[in-house]
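The values are calculated or read from the model by the stated rules, or taken from the named source; none is laboratory data. Nothing here was measured: the structure is a model prediction, and the numbers come from that model. Here Cβ is always computed from backbone atoms with ideal geometry, including for glycine, and neighbour counts include all displayed protein chains.
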Amino acid sequence: MAVIACIVIAFAQPFIPGSNVATQEKETAIYLDNSYSMQSSGSKGELFKTAVTDLLERLPNDQKFTLFTNSNTYTNTTKKEVANDLLNSEYQSKPLSYEQIQLKANALLNDNKKRKELIIISDFQKIDETFPDTIKGLKRELVFLEAEGSNNISIDTAYISRRETNSIDISVSVTSDKAINNPVTLSLENNDVLVAKTSVDLTNLKDTGIFNFETSQPLQGRIYLEDNSLSFDNELFISNNIDRKIKVLAINTVDGDFLKRIYTEDEFDFTAVRSRDLNFNLLKEQNLIILNELNSISVNLAKEINTYLRNGGYLVMIPALDQSGYSSINNIQGTDNISEKEKRITEINYNHPLLKGVFNKQISNFQYPKVNATTNTISALNPILKFEDGSSFLFQKGNVFNFTAPLNNQNSNFKNSPLIVPILYNMGAQ
């Protein structure tokens, strides 16, 4: 093996007739790579463990040498002194760069009267990095350890791809170096308990597996697969931070008790204030802000709300019939024509994200809620609920959910409809 050959040569006495080096002593440093990729299997087993075994077998018993890995340094030592540490060495995620290896070796080999020699034992995975040759008088021996034709399967990413009222879908992207004909199993643990399994098809080198997870319990999970090649990229940890309560602020001019019954304290940090008592410092902390039938929106409030929206916050606008200043807020349209004609809410957009998973089937006949007056007649591009004339009762524009009619009991019975709970709940869970 190349390791053996280099060690034998490195510690043999030089003899070049007529040369000054014939009697010049030398000191040798050995860099032994213990990065994750050295777990790969060679002809005799894992590359790192095989290299350690060969070193301990071939180094002279009384020979003093210096050896360093990505995590430890042993100066002027013997194999007896380092054997136990090397045999129990852990793999490291971040290997030294080639320049760092040379600089460290040069610092460790500090006897100017001796020739300096550096042996680098690695699988040299950093193929995009140029090996510098800038240290004068430092002789290098590069020992390349090559893995056998193995195939590495890795989990690249995991993310929440879909949210419903009581569950989430977790998508997991998996890739492989080579095509695999058999399905590869992915497992999901939550708090060290196996809760789900799925499989991916890697005949085309990549695939995505999906887990459905009930959100009635917090997710502190581990996703993993079985890969006999390399294990360092075979697991991923994921959390849905369900313990962090969602902050909802309702700014009311009219009664807002129905909101408190929806945004319960087990999941939400709900705050309700009268518009005249609003502290603007509260706005930036919220996940959702509800403007509940405000008669007027000041220039300063509009400015703060627009900043909040630009930073990714969500807003629900429940309009008042008597209103001013609404158009100062982005994606809000002030009243253009108040209509006091009674309208029924008859059409549900089941494909809107707020309503996905809410209904087991589409409902063709239900007790339609109604309104007595509307502030706008809009046929929105992204409607959620529509009136029987096709205009929008509730629609989304950007991060703003717009109602086109007040929800107070004098104007509408929508608060008594079973639709209101999942819709407003999911607005908060965005």
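Examine segment 301-314 for a residue that is touching a Leu at 6+ places or on another chain (Cβ under 7 Å) and touching a residue at least 60 places away in the same chain (Cβ under 8 Å), and state whether such a residue exists.
Of segment 301-314, the ones touching a Leu at 6+ places or on another chain (Cβ under 7 Å) are 304-305, 308-309, 314.
Now drop any that are not touching a residue at least 60 places away in the same chain (Cβ under 8 Å), which leaves 309, 314.
Yes; the residues of segment 301-314 include at least one that is touching a Leu at 6+ places or on another chain (Cβ under 7 Å) and touching a residue at least 60 places away in the same chain (Cβ under 8 Å).
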Worksheet entry | Filter result (modelled with pLDDT of 90 or more and of a type in the set (Gly, Ala, Ser)) within segment 200-219 | Gly209
Item to complete: Considering each of Asn191, Asn228 in turn, give the residue that is of a type in the set (S, T, N, Q) and at pLDDT 85 or above.
Response: Asn191
Worksheet item: How many residues does segment 96-129 contain that are among the charged types (D, E, K, R), modelled with pLDDT under 85 and either under 25 Å from Lys49 (Cβ atoms) or under 30 Å from the mean Cα position of the chain (by Cα) (or both)?
Response: 4
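Residues being out of contact with any strand residue (DSSP E or B) (no Cβ under 7 Å at 6 or more places or on another chain) and either crowded, with 20+ Cβ neighbours inside 10 Å or not in a helix (DSSP H, G or I) (or both): count how many of those fall in segment 87-101. Steps first, answer last, please.
At the first step, the residues of segment 87-101 found to be out of contact with any strand residue (DSSP E or B) (no Cβ under 7 Å at 6 or more places or on another chain) are 87-90, 93-94, 96-100.
Those left that are additionally either crowded, with 20+ Cβ neighbours inside 10 Å or not in a helix (DSSP H, G or I) (or both): 88-90, 93-94, 96-97.
Total satisfying the criteria: 7.
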Worksheet, complete the sentence: Taking segment 293-323 and keeping residues among the hydroxyl-bearing types (Ser, Thr, Tyr) and within 15 Å of Asn376 (Cβ to Cβ) leaves none
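Yes/no matrix, rows are residues, columns are (1) hydroxyl-bearing (Ser, Thr, Tyr); (2) modelled with pLDDT of 90 or more; (3) surrounded by fewer than 20 Cβ atoms within 10 Å (Cβ to Cβ):
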| site | (1), (2), (3) |
| --- | --- |
| Thr28 | yes, no, no |
| Asp33 | no, yes, no |
| Ser41 | yes, no, yes |
| Glu46 | no, no, yes |
| Leu55 | no, no, no |
| Asn61 | no, no, yes |
| Thr69 | yes, yes, no |
| Glu81 | no, yes, yes |
| Asp85 | no, yes, yes |
Practice prompt. Residue by residue through segment 370-395, note down the ones that are at pLDDT 90 or above, on the phi < 0 side of the Ramachandran plot and surrounded by fewer than 20 Cβ atoms within 10 Å (Cβ to Cβ).
Written response: Lys370, Asn372, Ala373, Glu388, Asp389, Ser391
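What do you reckon, is Ile180 in a loop (DSSP other than H, G, I, E, B) and either at pLDDT 85 or above or out of contact with any strand residue (DSSP E or B) (no Cβ under 6 Å at 6 or more places or on another chain) (or both)? First the steps, then the outcome.
Values: in a loop (DSSP other than H, G, I, E, B): yes; either at pLDDT 85 or above or out of contact with any strand residue (DSSP E or B) (no Cβ under 6 Å at 6 or more places or on another chain) (or both): yes.
So Ile180 fits the description; yes.
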Worksheet item: In segment 26-41, how many are of a type in the set (Gly, Ala, Ser) and either under 16 Å from Leu142 (Cα atoms) or assigned to a loop (DSSP other than H, G, I, E, B) (or both)?
Response: 2
Practice prompt. May I ask you to list the residues in segment 396-421 that are of a type in the set (Gly, Ala, Ser) and surrounded by fewer than 20 Cβ atoms within 10 Å (Cβ to Cβ)?
Written response: Gly398, Ser417
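Take the residues in segment 292-330 that are hydrophobic (A, V, I, L, M, F, W, C) and assigned to a helix (DSSP H, G or I); name whichever of them is surrounded by the fewest Cβ atoms within 10 Å (Cβ to Cβ). Walk me through how you get there before you give the answer.
To start, the set of residues in segment 292-330 that are hydrophobic (A, V, I, L, M, F, W, C) comprises 294, 297, 299, 301-302, 305, 309, 315-318, 320-321, 329.
Now narrow it down to the ones that are assigned to a helix (DSSP H, G or I): 299, 301-302, 305, 309.
Values: Val299: 9, Leu301: 20, Ala302: 17, Ile305: 24, Leu309: 19.
Among those residues, the one meeting the criterion is Val299.
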